[in-house]
Each structure stands twice: as structure tokens, then as C-alpha cells.
Amino acid sequence: MLNVYKLSDLDQKKVAELCLRNADGNNNIRTTVEDIIEEVKLKGDDALRAFAEKFDGVKLDQLYIEKEEIDKLASEAGDTEKQAIQLAYNNIRKFHETQLIKENKVETMTGVVCWRETRAIEKVGLYIPGGTAVLPSTFLMLGIPAKLAGCTEIIVCSPPQKDGKVNSYLAYCAQLLEIERIYLAGGAQAVAAMAYGTESIMKVDKIFGPGNQYVTKAKTIIQSESHTAIDMPAGPSEVLVIADKSANPVYVAADLLAQAEHGADSQAVLVSDSSEIIDQTIIELGKQILELPRRDIAAKAIVNSYAILTTDLNEALLFSNQYAPEHLILATDEWETLIGKIINAGSVFLGHLTPESAGDYASGTNHTLPTSSYAKAYSGVSVDSFVKKITFQHISKTGIENLGPAVEVLASLEGLEAHKNAISVRIKKD
């Protein structure tokens with residue numbers, strides 16, 4: 001079921017190939033996405049309606065639902081489900097509230113004061129995936145930090161269901177977040193709509209949210225071609241589990257399958273210094289996958305996944321840091337000794353009783369994370385993702401006298417006399 005490689009037998013080229021996922025070698029995905037973006041730019045709402053019919057199988061008279069419809073849909077959610085969503089909301093909000101930090105002013109020298117202040121990004125777009133699974137958890141993960149940051153315009157897009165609406169759990173999340181309109185658009189076309197604007201959907205300053213390869217490709221294209229930023233390349237989803245002989249293969253297999261069921265293009269990687277754990281986990285995968293309603297999807301993802309046998313946990317960490325996983329699980333009693341060696345990962349799950357599912361839903365951390373090795377350079381979504389940091393400085397008479405001469409020298413050595421003069425006219429003695 002899983003291809004197994006011995007790391008010591010692999011050259012660097014093969015290791016690099018194993019770390020490369022979701023490649024678009026023939027640019028087929030890029031070409032499709034570029035066509036979708038161009039169609040939305042040219043035809044706006046009409047393109048969104050056409051794509052909803054083509055991809056979602058629904059004819060839309062209106063491209064959004066508003067508060068009255070949202071409230072009605074939310075009322076259909078069960079009490080047990082509402083309680084679980086409320087618990088997740090509380091934990092996610094509690095964790096993200098700690099990120100609202102006011103920085104102190106710094107007097108870099110007498111009379112020169114510098115500081116930073118945060119300002120919310122005014123217009124943000126939240127993409128909530130639909131397709132094979134509707135994700136109210138993503139709505140919370142994006143909506144809570146956006147609200148905490150103070151964004152004034154929050155545009156929410158999610159694919160329509162067959163009835164031309166959204167499910168009751170998304171609607172309940174909208175109630176909790178006090179968001180009164182949800183746009184019925186999915187896929188690359190939703191990203192294009194938020195990037196360029198249509199008759200119904202406002203152009204935003206930054207787009208957030210995970211998705212499949214088409215959504216991720218759309219985000220990377222619009223980042224380079226429009227004046228709209230993105231949070232990060234986020235999707236398809238992936239997990240890397242480092243497991244030693246102390247691991248429970250039942251747990252490890254469950255964690256791999258939890259990721260695999262996201263989509264056929266997801267990836268689940270097992271790295272272990274124990275061939276016995278690898279063998280037992282493969283057996284467990286075969287047992288557990290048969291019990292999954294989404295077993296066909298999970299099976300396709302497992303085909304694109306693999307296991308790596310290493311000599312020890314340090315070697316396992318070296319491979320993990322090169323892979324740079326979205327989710328990293330340390331299924332070992334020795335997890336505390338490994339934390340300092342983790343360089344590249346989106347979110348880390350420590351020990352045998354911390355499944356990635358906990359972070360996906362309700363532990364409090366954010367599940368919108370960098371994929372495809374982008375954890376080498378990107379962080380997961382946080383309140384910081386929804387704000388800008390603006391620097392300020394104030395210089396007094398004493399400050400300009402203390403600082404000015406050095407600035408004059410630096411401007412002169414760079415040959416920028418106007419820069420020098422901007423100082424000189426202020427410190428010139430009559």
C-alpha cells in the first residue's frame with residue numbers, strides 16, 4: 001500500500017523528487033486556471049454563474065445568501081454540532097487573542113523615538129473550500145483572526161450546494177462571526193472574483209484560505225498579476241509522521257488516513273527508524289481504510305504517499321526539514337528532545353495523544369498552513385496575517401542634532417546630496 005524507501009539508499013536527487021509534490025509538469029493546471037481567471041475578469045458574475053453550473057451542478061439566480069437566509073440555515077444545525085462548533089470557536093479565539101500585542105516605543109538615542117503600530121488590512125477575502133468536503137472549521141480559522149484584527153470588509157466565498165445554498169454548519173459559523181453575506185462561488189473562479197472584483201463581489205486587498213491544486217495555483221497567479229496579496233500557497237493538504245518503536249501503529253495509521261481523506265491529491269508520509277513500525281502501520285492502513293466512507297479518495301492519496309526508513313530520529317528530522325511538511329506529528333516518547341531540531345513545519349503535534357485532527361478543529365491553533373515545502377518560508381495564518389505593521393519615528397531638536405551629522409556622512413558617501421541637505425537645513429547654525 002505504501003512504497004517504502006530506505007533513506008541511506010537514496011541519493012539527493014531521489015530525496016528531492018520525494019519532497020516534490022503536486023507538481024504541474026505540463027502546466028495543465030496552470031493553463032486551466034489562467035483560462036478561468038480570464039473568463040472571470042471579462043464576464044464577472046456571468047462567468048461565476050456559468051462555472052457554478054459547470055463545476056457545482058447548480059443554476060444560481062443570486063450569487064450570495066444574506067442574513068435572513070443564513071439565520072434560517074443555521075437554525076437547522078443540530079445542538080450537538082453547534083456545541084462542538086462553539087467549543088472550537090472559543091478555543092481558536094482564545095489562542096488568537098494572545099497575538100494582539102502592542103509594541104513599546106524605543107528611544108534609539110536621545111531625542112530619537114521609533115515604534116510600530118498595527119493597522120488592519122481593510123478588505124480581505126476568505127475562501128472556504130467545498131467540493132468533496134465542506135469545512136466550517138476553515139471558516140472559524142479565517143474569520144476569527146480577521147475579526148480580531150479589525151478588518152472592515154470581510155468577503156466570504158464558498159461553493160454552493162446542489163440546492164444553491166451552503167450547509168447549516170457554515171451558516172452557524174457565519175452567525176458566530178457576525179458575517180451577514182456568503183458568496184456562492186468556489187474554486188479558482190472565487191479566487192479570481194475576489195482578486196479582480198465582479199458586479200457582486202468586491203475586489204479585496206488580500207485573499208486567505210486553503211484549497212485544491214486549482215485554488216492554490218489561482219492564488220499564486222493572482223499574487224503576481226494583480227494588486228491582491230495572498231496568505232500563502234495552502235493546499236493540497238499533507239502530513240509527515242515521525243514514529244519510533246514507542247509509537248502505536250493504530251494511531252499512526254489513523255493519522256495518515258485522516259490526511260489522505262482530504263483529497264486524492266493529498267499526501268501522507270511516514271518516517272521511522274523502525275522497520276517493524278512501518279510494517280505494522282501498513283497492515284493497519286489496510287484495515288482502517290476499509291471502514292472509511294471516503295476510502296476511495298483516501299486510497300488514491302495513499303498511492304501517492306510513502307514511508308521512509310531512517311537509521312535514527314535525527315536522520316528522520318533531517319528528512320522532515322527538507323520535506324517541510326504542513327503538518328508534522330512526532331509519534332515518539334522523545335518528542336521533547338526533538339522540538340529544537342525542527343526548522344521547517346507548518347504546525348507540529350507532539351506525542352502519542354496529539355492527533356493532527358485536534359489542530360484541524362478545536363485545539364486553538366490555526367489549520368490554514370503552508371504546503372508543498374512553503375513551510376520553509378511561510379508561517380500559518382494568524383492575526384498577524386490580517387494586519388500591517390507601520391513604523392513611526394519622531395525626532396526632537398536634540399535628536400536631530402545627535403543623529404543628523406551621521407546621516408549627512410552616510411548620504412554623502414552614497415552620493416545623495418539631497419538626502420544630506422534635508423538634514424543640513426535642519427541643523428544649520430545661523
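If you check Y172, Y183, which single one turns out to be among the hydroxyl-bearing types (S, T, Y), part of a strand (DSSP E or B) and surrounded by 20 or more Cβ atoms within 10 Å (Cβ to Cβ)? Going through Y172, Y183 in turn, just one is among the hydroxyl-bearing types (S, T, Y), part of a strand (DSSP E or B) and surrounded by 20 or more Cβ atoms within 10 Å (Cβ to Cβ): Y183. Restricted to strands (runs of 3 or more DSSP E) entirely inside the stretch 63-164, those with at least 3 residues that are among the aliphatic types (A, V, I, L, M) and closer than 27 Å to M202 by Cα are 153-158. If you filter the stretch 241-271 down to residues that are of a type in the set (G, A, S) and assigned to a helix (DSSP H, G or I), you find that the one that is nearest to N304 (Cα to Cα) is A260.
Answer with yes or no whether A190 is touching a residue at least 40 places away in the same chain (Cβ under 8 Å) and surrounded by 18 or more Cβ atoms within 10 Å (Cβ to Cβ). Judged against the criteria, A190 is a match.
Could you tell me whether any residue of the stretch 149-158 is closer than 18 Å to T216 by Cβ and modelled with pLDDT under 95? No; the residues of the stretch 149-158 include none that is closer than 18 Å to T216 by Cβ and modelled with pLDDT under 95.
Taking first residues from the stretch 289-306 that are over 17 Å from E238 (Cα atoms) and partners that are in a loop (DSSP other than H, G, I, E, B), the Cβ contacts under 7 Å between residues at least 6 apart in sequence or on separate chains come to L292/E261.
On the basis of being surrounded by fewer than 23 Cβ atoms within 10 Å (Cβ to Cβ) and more than 23 Å from A149 (Cα to Cα), does D255 make the cut? It would help to see each step written out before you state the result.
On the way: surrounded by fewer than 23 Cβ atoms within 10 Å (Cβ to Cβ): no; more than 23 Å from A149 (Cα to Cα): yes.
So D255 does not fit the description; no.
Can you say whether G111 is surrounded by fewer than 17 Cβ atoms within 10 Å (Cβ to Cβ), among the small types (G, A, S) and over 17 Å from the mean Cα position of the chain (by Cα), as far as the supplied structure shows? Answer is yes for this residue.
Take A268 and tell me if it is under 21 Å from T368 (Cα atoms), crowded, with 23+ Cβ neighbours inside 10 Å, at pLDDT below 95 and of a type in the set (G, A, S). Can you show your working first?
Numbers: under 21 Å from T368 (Cα atoms): yes; crowded, with 23+ Cβ neighbours inside 10 Å: yes; at pLDDT below 95: no; of a type in the set (G, A, S): yes.
Here the answer is no, as A268 does not meet what is asked.
For E326, are the conditions met, namely being under 30 Å from K102 (Cα atoms) and touching an Asp or Glu at 6+ places or on another chain (Cβ under 7 Å)?
Answer is yes for this residue.
Can you find even one residue in the stretch 289-305 that is of a type in the set (S, T, N, Q), touching a Pro at 6+ places or on another chain (Cβ under 9 Å) and within 22 Å of A23 (Cα to Cα)? No, the stretch 289-305 contains no residue that is of a type in the set (S, T, N, Q), touching a Pro at 6+ places or on another chain (Cβ under 9 Å) and within 22 Å of A23 (Cα to Cα).
The residues listed here are V124, V112; of these, the one that is in the same structural domain as D79 (by TED's automatic domain parsing) and in contact with a Gly (Cβ under 7 Å, 6 or more places away or on another chain) is V112. A single member of S385, S357 is among the hydroxyl-bearing types (S, T, Y), in the same structural domain as L256 (by TED's automatic domain parsing), touching a residue at least 12 places away in the same chain (Cβ under 8 Å) and part of a helix (DSSP H, G or I), and it is S357.
When L177 is tested against (1) within 30 Å of N28 (Cα to Cα); (2) free of Cβ contacts under 8 Å to residues at least 40 places away in the same chain; (3) surrounded by fewer than 22 Cβ atoms within 10 Å (Cβ to Cβ), just one condition goes unmet, and that condition is (1).
Taking (1) crowded, with 18+ Cβ neighbours inside 10 Å; (2) more than 22 Å from the chain's Cα centre (by Cα); (3) not β-branched (V, I, T) in turn, L126 satisfies each apart from (2). Annotation for the stretch 196-204: at least one member residue is more than 19 Å from G143 (Cα to Cα), of a type in the set (S, T, N, Q) and part of a loop (DSSP other than H, G, I, E, B).
Taking the stretch 53-102 as the region of interest, how many residues are of a type in the set (D, E) and surrounded by fewer than 11 Cβ atoms within 10 Å (Cβ to Cβ)?
Selection size over the stretch 53-102: 3.
Scan the helices (runs of 4 or more DSSP H) fully inside the stretch 1-57 and keep the ones with 1 or more residues being within 19 Å of I308 (Cα to Cα).
Working: elements: 12-19, 28-43, 45-51.
Because the criterion is at least 1 residues that are within 19 Å of I308 (Cα to Cα), the helices (runs of 4 or more DSSP H) in the stretch 1-57 that meet it are 12-19.
Listed by first and then second residue, the pairs linking a residue in the stretch 146-168 that is closer than 15 Å to E76 by Cβ and free of Cβ contacts under 8 Å to residues at least 24 places away in the same chain to a residue that is of a type outside the set (S, T, N, Q) and in a loop (DSSP other than H, G, I, E, B), with Cβ atoms under 6 Å apart and 6 or more places separating them unless they lie on different chains, form an empty list. Every condition in (1) surrounded by fewer than 21 Cβ atoms within 10 Å (Cβ to Cβ); (2) at pLDDT 95 or above holds for N167 except the one numbered (2).
What about T152, is it within 25 Å of T198 (Cβ to Cβ) and buried (at least 19 other Cβ atoms within 10 Å of the Cβ)?
Values: within 25 Å of T198 (Cβ to Cβ): yes; buried (at least 19 other Cβ atoms within 10 Å of the Cβ): no.
No, not satisfied.
Looking at the stretch 327-349, which of its residues are buried (at least 16 other Cβ atoms within 10 Å of the Cβ) and within 18 Å of K245 (Cα to Cα)? Across the stretch 327-349, the qualifying residues are L328, I329, L330, A331, T332, W335, L338, F349.
The values are calculated or read from the model by the stated rules, or taken from the named source; none is laboratory data. What you are looking at is a predicted structure, and each value in this text was computed from that prediction instead of being measured. Glycine also receives a Cβ, built like all others from the backbone with ideal geometry; neighbour counts cover every protein chain displayed.
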